[in-house]
Amino acid sequence: MESDLFGDRRDEIIAPGAMILRGIGADRDLLAGLASVEARAPFRRMMTPGGRQIGVEMTNCGMLGWVSDRRGYRYETHDPESGRPWPDMPPCFVELAHEAALIAGFEAFEPDACLINRYAPGVKMGLHQDRDEAGFDAPIVSVSLGLPATFQFGGTDRKDPVRRHELHHGDVAVWGGPSRLAWHGILTLKPGEHPETGRCRINLTFRQAGQR
Ligand code: MD3
Ligand code: FE
């Protein structure tokens with residue numbers, strides 16, 4: 001895709017409906033926005049329904065937040081740790097989600113949920129599908145910050161071949177259409193230090209999770 005005047009974007013279409021927009025999330029005040037969210041809803045490790053602690057630390061902002069505990073995976077309007085509504089999405093989060101969806105050709109993307117994942121070195125996210133949302137028509141927009149990670153991206157069938165893509169600070173990916181239900185995961189994070197985030201990787205994942 002050559003959507004910019006000078007043709008110097010490095011956007012990659014990695015599958016039908018799936019696109020990586022390199023670097024468009026760098027040089028914005030996302031980490032200041034994150035600090036305000038974290039102050040109200042700190043990162044925590046959730047429990048799987050099977051009773052294991054999830055390695056990735058998580059928090060949320062927006063109308064709905066993704067939670068996991070012994071009762072299952074779901075979206076909730078309130079933070080179970082504080083009993084309060086999840087913090088609002090910072091305006092710079094919403095602007096970036098809108099811009100990215102538009103560049104990728106998805107109009108009227110209005111995320112009501114932003115899950116924030118934090119990975120320390122040694123932490124991974126196994127292959128899974130995102131199926132806890134009320135519908136799958138809207139894309140998902142994800143923003144990578146801090147340490148680089150290797151993203152695994154397969155097909156809609158668990159047995160489909162998986163390809164790897166490096167995600168760096170500021171990379172934004174859009175996953176819609178036929179890619180919305182693709183299997184995906186993050187390989188074990190390698191040690192390192194990033195000037196903006198320190199020894200971690202942060203991922204913001206924007207979704208339309210509720211009923212339309
Ligand atoms: C492809 N997060 O929170 S973001 C998740 O980097 C999740 O923290 C990863 O998978 C992370 O569920 C990957 C990229 C991503 C997000 C959702 C997708 C890729 C996707 C949904 C469908 C297909
Ligand atoms: Fe996912």
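Considering (1) touching a residue at least 40 places away in the same chain (Cβ under 8 Å); (2) more than 21 Å from Arg164 (Cβ to Cβ), say which one Lys124 fails and leave the rest.
(2)
Counting just the residues of the range 18-35 that are part of a loop (DSSP other than H, G, I, E, B) and not acidic (Asp, Glu), which one comes out farthest from Gly177 (Cα to Cα)?
My answer is Arg28.
Checking the condition in contact (Cβ under 8 Å) with a residue 40 or more places away in the chain, over 13 Å from the mean Cα position of the chain (by Cα), surrounded by 16 or more Cβ atoms within 10 Å (Cβ to Cβ) and near ligand 1 (Cβ under 9 Å from one of its atoms), which residue from Ser179, Ser144 passes?
Ser179
Name the residue, out of Gly50, Gly72, that is of a type outside the set (Ser, Thr, Tyr) and in contact (Cβ under 8 Å) with a residue 12 or more places away in the chain.
Only one candidate passes the filter, namely Gly72.
Given the residues Ala209, Ala134, which is the only one that is closer than 26 Å to His78 by Cβ, open to solvent by 20 Å² or more (accessible area, probe 1.4 Å) and either assigned to a loop (DSSP other than H, G, I, E, B) or in contact (Cβ under 8 Å) with a residue 40 or more places away in the chain (or both)?
Ala134
Results for (1) open to solvent by less than 60 Å² (accessible area, probe 1.4 Å); (2) in contact with a Ser or Thr (Cβ under 9 Å, 6 or more places away or on another chain), shown as yes or no for each residue.
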| position | (1), (2) |
| --- | --- |
| Ala35 | yes, no |
| Glu38 | no, yes |
| Ala41 | yes, yes |
| Arg44 | yes, yes |
| Gly51 | yes, no |
| Gly55 | yes, no |
| Asn60 | yes, no |
| Gly65 | yes, yes |
| Ser68 | yes, yes |
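State the number of residues belonging to the range 186-197 that are open to solvent by less than 40 Å² (accessible area, probe 1.4 Å) and either part of a loop (DSSP other than H, G, I, E, B) or more than 7 Å from ligand 1 (Cβ to nearest atom) (or both).
Within the range 186-197, residues that are open to solvent by less than 40 Å² (accessible area, probe 1.4 Å) and either part of a loop (DSSP other than H, G, I, E, B) or more than 7 Å from ligand 1 (Cβ to nearest atom) (or both) number 4.
Kindly provide the set of residues from the range 16-33 that are on the phi > 0 side of the Ramachandran plot and open to solvent by less than 70 Å² (accessible area, probe 1.4 Å), ordered by number.
Across the range 16-33, the qualifying residues are Gly17, Gly23.
Can His165 be described as farther than 27 Å from Asp29 by Cβ, within 16 Å of ligand 2 (Cβ to nearest atom) and touching a strand residue (DSSP E or B) at 6+ places or on another chain (Cβ under 6 Å)?
In short, no.
Mind listing just one residue for me: the one in the range 101-120 that is touching a strand residue (DSSP E or B) at 6+ places or on another chain (Cβ under 9 Å) and assigned to a loop (DSSP other than H, G, I, E, B) and, of those, most open to solvent (accessible area, probe 1.4 Å)?
Here the answer is Gly105.
Being among the polar types (S, T, N, Q) and within 16 Å of ligand 2 (Cβ to nearest atom) is the filter here; which residues of the range 79-129 pass it?
Asn117, Gln129
The values are calculated or read from the model by the stated rules, or taken from the named source; none is laboratory data. None of these values were measured; they are calculated from a predicted model. Here the Cβ is made from the backbone with ideal geometry for all residues, glycine too, and neighbour counts use every protein chain on show. Just so you know, the surface numbers come from the protein's heavy atoms only, side chains and all, with ligands and any DNA or RNA stripped out. Shrake-Rupley method; radii C 1.70, N 1.55, O 1.52, S 1.80 Å.
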